[in-house]
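The values are calculated or read from the model by the stated rules, or taken from the named source; none is laboratory data. Computed from a predicted model, the values in this text were never measured in an experiment. Cβ placement follows ideal geometry from the backbone for every residue including glycine, while neighbour counts extend to all protein chains displayed. Accessible surface is based on the protein model in full, side chains and every heavy atom, while ligands, DNA and RNA are left aside. Shrake-Rupley method; radii C 1.70, N 1.55, O 1.52, S 1.80 Å.
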Amino acid sequence: MANRVPEPNPVVLQSDQLYQYILETSVYPRESEHLKQIRDATATHPAAFFGTAPDAGQLMAMLLKLVNAKKTIEVGVFTGYSLLLTALTIPDDGQIVAIDINREAYEIGLPIIQKAGVEHKIDFIQSPALPVLDKLLEDKDNEGAFDFAFVDADKGNYLNYHERLMKLVKVGGLLVYDNTLWGGTVAKPEESVPVYKRQWRKATIEFSKSITADHRVEISHVPSGDGVIICRRIC
Ligand SMILES: C[S@@+](CC[C@H](N)C(=O)[O-])C[C@H]1O[C@@H](n2cnc3c(N)ncnc32)[C@H](O)[C@@H]1O
Ligand SMILES: O=c1cc(-c2ccc(O)cc2)oc2c(O)c(O)ccc12
């Protein structure tokens with residue numbers, strides 16, 4: 001049913017119809033039943049727009065497969081769309097450290113994650129993410145121990161997350177950041193952007209600039225969903 005409700009085009013594709021075309025021809029037909037259920041369960045949430053865009057999710061699943069990700073970190077879980085897709089994609093003995101300040105939203109998706117039979121792969125930690133990442137780094141065994149990280153939380157902290165994740169993710173591993181086009185506002189004059197969106201717009205532009213200047217990673221900035229920056233750690 002949720003497939004039939006037009007999704008807002010989070011970015012500046014040529015038209016909403018084009019975004020709908022991508023979803024209906026390439027994304028929804030391949031989306032697992034349990035992921036659909038999480039979208040349905042989230043649809044009436046006042047912050048339903050928080051959920052990772054299904055097209056960006058499909059890209060993420062492809063990346064997880066390409067690097068044979070087994071051990072991952074997720075910062076920003078909400079109701080669990082990106083978390084469930086990660087859990088469905090990594091092997092049965094894979095492991096996800098999933099961090100969010102809000103457990104209430106996670107509990108909306110949790111029964112679906114349980115039905116999907118992948119809860120055993122998830123270590124959900126209710127906390128601000130920075131202290132959790134710092135705690136992980138206190139154990140030297142965690143350095144380079146992760147294959148993949150996905151960040152979809154407070155945009156002002158992306159660079160702080162990046163510095164820590166660069167130590168936790170192995171050379172050759174991927175760090176993926178969501179909302180890097182911030183609804184297309186990054187390319188608009190500040191005055192034309194609603195005031196409430198300006199702070200995250202500025203943080204997003206600064207993050208993007210810093211990542212481009214960071215030669216420890218190869219990057220690709222993809223206009224999928226609300227924009228995704230993919231970083232591959234090279235040293
Ligand atoms: C956009 S939502 C994540 C969406 C999720 N990836 C999905 O697919 O549904 C952002 C989440 O980040 C969480 N968050 C915000 N600030 C945080 C912080 N400092 N540490 C951990 N989580 C945080 C919020 O509680 C919220 O659930
Ligand atoms: O509208 C939003 C807002 C956020 C957001 C802002 C501040 C935080 O501390 C966490 C999250 O994230 C969003 C998001 O990830 C998305 O895909 C769409 C909209 C928003």
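Within the range 53-91, the set of residues being farther than 22 Å from Asp141 by Cα and not in a helix (DSSP H, G or I) comprises Ala53, Gly76, Val77, Phe78, Thr79, Gly80. Considering only the range 121-138, I want to know if a residue exists there that is under 20 Å from Ala61 (Cα atoms), open to solvent by 70 Å² or more (accessible area, probe 1.4 Å), assigned to a strand (DSSP E or B) and aliphatic (A, V, I, L, M). Within the range 121-138, not a single residue is under 20 Å from Ala61 (Cα atoms), open to solvent by 70 Å² or more (accessible area, probe 1.4 Å), assigned to a strand (DSSP E or B) and aliphatic (A, V, I, L, M).
Close Cβ contacts (under 6 Å, 6 or more residues apart or on different chains) running from residues in the range 85-110 that are of a type in the set (Val, Ile, Thr) to residues that are open to solvent by 30 Å² or more (accessible area, probe 1.4 Å) and not in a helix (DSSP H, G or I) comprise Ile90/Lys70; Val97/Asp123; Ile99/Ile125; Ile101/Pro128. Any residue at all in the range 179-192 that's of a type in the set (A, V, I, L, M, F, W, C) and within 16 Å of ligand 1 (Cβ to nearest atom)? Yes, some residue in the range 179-192 is of a type in the set (A, V, I, L, M, F, W, C) and within 16 Å of ligand 1 (Cβ to nearest atom).
For the criterion of being part of a loop (DSSP other than H, G, I, E, B), open to solvent by 60 Å² or more (accessible area, probe 1.4 Å) and at pLDDT below 95, Pro6 passes.
Would you confirm, using the coordinates I've provided, whether Ile73 is within 12 Å of ligand 1 (Cβ to nearest atom), closer than 25 Å to Met166 by Cα and open to solvent by 30 Å² or more (accessible area, probe 1.4 Å)? Taking the combined requirement at face value, the residue does not satisfy it.
When Pro46 is tested against (1) in a helix (DSSP H, G or I); (2) open to solvent by 40 Å² or more (accessible area, probe 1.4 Å); (3) not acidic (Asp, Glu), just one condition goes unmet, and that condition is (1).
Modelled with pLDDT of 95 or more, within 17 Å of the chain's Cα centre (by Cα), closer than 27 Å to Thr89 by Cβ and open to solvent by 40 Å² or more (accessible area, probe 1.4 Å) - does that describe any residue in the range 192-206? For the range 192-206, residues modelled with pLDDT of 95 or more, within 17 Å of the chain's Cα centre (by Cα), closer than 27 Å to Thr89 by Cβ and open to solvent by 40 Å² or more (accessible area, probe 1.4 Å): absent. Contact map, the range 153-180: first residue on the phi > 0 side of the Ramachandran plot, second residue part of a strand (DSSP E or B) and open to solvent by less than 10 Å² (accessible area, probe 1.4 Å), Cβ cut-off under 9 Å, separation 6 or more or different chains; pairs are Asn179/Val228. Remark: Phe49 falls outside the filter, which requires a residue to be under 16 Å from Leu110 (Cα atoms) and within 12 Å of ligand 1 (Cβ to nearest atom). Under the condition of being touching a residue at least 24 places away in the same chain (Cβ under 8 Å), open to solvent by 20 Å² or more (accessible area, probe 1.4 Å) and of a type in the set (Gly, Ala, Ser), the residues counted in the range 207-235 number 2.
Could you list, in sequence order, the residues of the range 94-107 that are outside any strand (DSSP E or B) and either within 16 Å of ligand 2 (Cβ to nearest atom) or touching a helix residue (DSSP H, G or I) at 6+ places or on another chain (Cβ under 8 Å) (or both)?
Result: Gly94, Ile101, Asn102, Arg103, Glu104, Ala105, Tyr106.
Within the range 146-178, work out how many residues are open to solvent by 30 Å² or more (accessible area, probe 1.4 Å) and either part of a helix (DSSP H, G or I) or away from ligand 1 (no atom under 11 Å from the Cβ) (or both).
9
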